[in-house]
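Single-structure report; data block below.
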Amino acid sequence: MSGRRMHILICLFLFQLTSVYSQKSIHVEKLNSQINSDKYDEITPVLNRDGTTMTFTRNGYPSFDRTLIDNKKDLSKTLGNRAYRKRLQSIYSTIAGYEIKDPERSSFNQDIWIASGTSENFYSVIHPGYPLNNALPNSVCAITPDDRAMVVVNQFSPDGGMGKGYSMVYKEPNGSWSFPYPMFISKYNNEGVDVGLTMSTDGNVIIMTLEKNNGSGNNDLYMSVRTGDFSWSEPISLGPDINSAYRETNPYLTIDKSTLYFSSNRPGGMGGNDIYYSKRINSSWTDWSTPQLLESPINSSSDESQPFFDINSGFLYFTSKRDGSSDIFRARLVEPLKETVTVKGKVINPNNEDLIENVKIMKAYANTESYEEIQMSEDGFYSLELPKGSEFDIKAVKDGHISQKSSIGFNKDYVYLKDYTLDLSLSPMEKGTKINLKPIYFKQSRAVILPKSYSALDELALFLKKNKNMYIIIEGHTDSQGEEEELIILSEERAQAIKEYLVYKKRIKPVRLSTFGYGSSRPVNDNSTAELRANNRRVEVYIDAMATMLNPDEIISTQK
């Protein structure tokens, strides 16, 4: 991101939860029938960064992906229906620790589905095939800092088989999904079958559900920190503030890493599993505030779990069995996130910071030069809305003035809590005004312009053709390395080389171009480092005069 960008990573106002949940106006809605079904369980809603794509898991669906790899062979293609079903029944029974009689309708028959649309409405649902799905349990549990990658449950071998843990999948350029890459969590051990994981926005922390013999209860929440691209530290318990003698599962960490949602069946809830939230007290991952129960209508007498908060829409997504089977619901806790950022400021003369009135405010996508007028500022102040996720060039324009564009862009994943201030410079075309150029490059120690500088000189030529009454001074400057007499000659020759380019290549009248070489006599710094010396090796262009500013005698003098 450029230096002009604002990096206010969110202090989530929504987590003033006491006041939010005390409001009786919170409305819970069940997602549409493309996502929720009457016969099957829908679980684990996970949204991408901009809230326009949601993955979820459907359990017990008869048209599941039947790919079942064993010893590099797909048993769904080599076994008959009865033998295939018996093999799947054996696998699911081994995972569960008890006999599974109907594998197709089992909760271990899990496939990933992907819904897309807007942050307000999902209207397109697809059911991806192998390798994102197969006949083994498949579910997305977290997004990663890269929106093209997701964390899925379990670890898989290309040769066949499945182990406990988590993996990452990546979306390929052609739209397909990669085979899952295993995440290596030091001393990972989960004695139970429940799984769940959340990853911090920066990708450095994961919090997961684990059942351990030395834990606080049936399932507890643990955290690990990243130690490599696919490696993580040994999990440590979040401590007694979060974990109880009961079942804690389905963690979700907010993007500022300050608040944790999770599900628990601890006493004091509304029935079954309920959704709670807790806030970190300090930088430690083991000090948390007392978990607070989300009130009705989010929690009910049925099971509620798997919370996921979408900052774009302000919706808390979760699963509930209030209608019998498990379905995905949502409740809006705060107003939707603005998709634009307000940019405002003044248009000033950089020489004296005076306001400049009656100017046009122009906008273009960065590096396109396709400017459009946004507004007319009569008083020298402006305000505009810029969409997040793109880079823009902004400038003010007025006859008789030189514009200086400013580049700006805002990250789609950030929340900007206040307007962004950007003052625009507009220099009057008068003697001494500097004309800003892109850097001009020469062959080392020579007055030969490198081809990569031609575009900058072409822009200067176009500017002079638009302002035919303008006369300019081209100044050459060097660093302090060398004999001063030679440096003066070199700087003069380089200024002269630019003049010759403008005259012979771009047909600018030579009378309008004066050149001077100052050698090292006008440094912009002390030449103490190679980087600073490079800044001193430069060409600067200034307005010498405007024709309307000269009387006839001065014009004759200038032409000599």
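The values are calculated or read from the model by the stated rules, or taken from the named source; none is laboratory data. In this text the structure is predicted, and so the values were computed from the model without any measurement. Cβ sites come from the backbone with ideal geometry, for glycine too, and all protein chains shown count toward neighbours.
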Can you tell me which residues in the stretch 137-150 are free of Cβ contacts under 8 Å to residues at least 60 places away in the same chain and either crowded, with 22+ Cβ neighbours inside 10 Å or not in a strand (DSSP E or B) (or both)?
137, 144, 145, 146, 148
Within the stretch 289-303, is there a residue that is crowded, with 17+ Cβ neighbours inside 10 Å, among the small types (Gly, Ala, Ser), touching a Ser or Thr at 6+ places or on another chain (Cβ under 9 Å) and not assigned by TED's automatic domain parsing to the domain that holds residue 412?
yes
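Results for (1) in a helix (DSSP H, G or I); (2) hydrophobic (A, V, I, L, M, F, W, C); (3) over 27 Å from residue 308 (Cα atoms), shown as yes or no for each residue.
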| position | (1), (2), (3) |
| --- | --- |
| 58 | no, no, no |
| 65 | no, no, no |
| 84 | yes, no, yes |
| 94 | yes, no, yes |
| 98 | no, no, yes |
| 104 | no, no, yes |
| 108 | no, yes, no |
| 114 | no, yes, no |
| 123 | no, no, no |
Subset of the stretch 365-389 that is surrounded by 12 or more Cβ atoms within 10 Å (Cβ to Cβ) and small (Gly, Ala, Ser) - its residue that is nearest to residue 347 (Cα to Cα)
380
Can you report the number of residues in the stretch 254-295 which are in a loop (DSSP other than H, G, I, E, B) and within 24 Å of residue 312 (Cα to Cα)?
7
Touching a helix residue (DSSP H, G or I) at 6+ places or on another chain (Cβ under 9 Å) and either touching a residue at least 24 places away in the same chain (Cβ under 8 Å) or outside the structural domain of residue 401 (by TED's automatic domain parsing) (or both): is that true of residue 529 in this structure?
no
Take the stretch 221-232 and flag every residue that is small (Gly, Ala, Ser) and either surrounded by 16 or more Cβ atoms within 10 Å (Cβ to Cβ) or in a strand (DSSP E or B) (or both).
224, 231
Within the stretch 428-446, can one find any residue that is surrounded by 17 or more Cβ atoms within 10 Å (Cβ to Cβ), under 35 Å from the mean Cα position of the chain (by Cα) and either at pLDDT 90 or above or more than 25 Å from residue 512 (Cα to Cα) (or both)?
no
Is it the case that residue 471 is in a strand (DSSP E or B), more than 23 Å from residue 531 (Cα to Cα) and either in contact with an Asp or Glu (Cβ under 6 Å, 6 or more places away or on another chain) or in contact (Cβ under 8 Å) with a residue 24 or more places away in the chain (or both)?
yes
Does residue 541 fit the bill of being in contact (Cβ under 8 Å) with a residue 12 or more places away in the chain, in a loop (DSSP other than H, G, I, E, B) and either surrounded by fewer than 15 Cβ atoms within 10 Å (Cβ to Cβ) or out of contact with any Gly (no Cβ under 6 Å at 6 or more places or on another chain) (or both)?
no
Of everything in the stretch 450-490, what is surrounded by 15 or more Cβ atoms within 10 Å (Cβ to Cβ) and in contact with a Phe, Trp or Tyr (Cβ under 6 Å, 6 or more places away or on another chain)? Give them in sequence order.
453, 457, 473, 475, 477
Please verify whether residue 342 is of a type in the set (Val, Ile, Thr), over 22 Å from residue 210 (Cα atoms) and part of a strand (DSSP E or B), treating the condition exactly as stated.
yes
For the stretch 156-175, which positions are exposed (fewer than 13 other Cβ atoms within 10 Å of the Cβ) and out of contact with any Phe, Trp or Tyr (no Cβ under 7 Å at 6 or more places or on another chain)?
159, 163, 172, 173, 174, 175
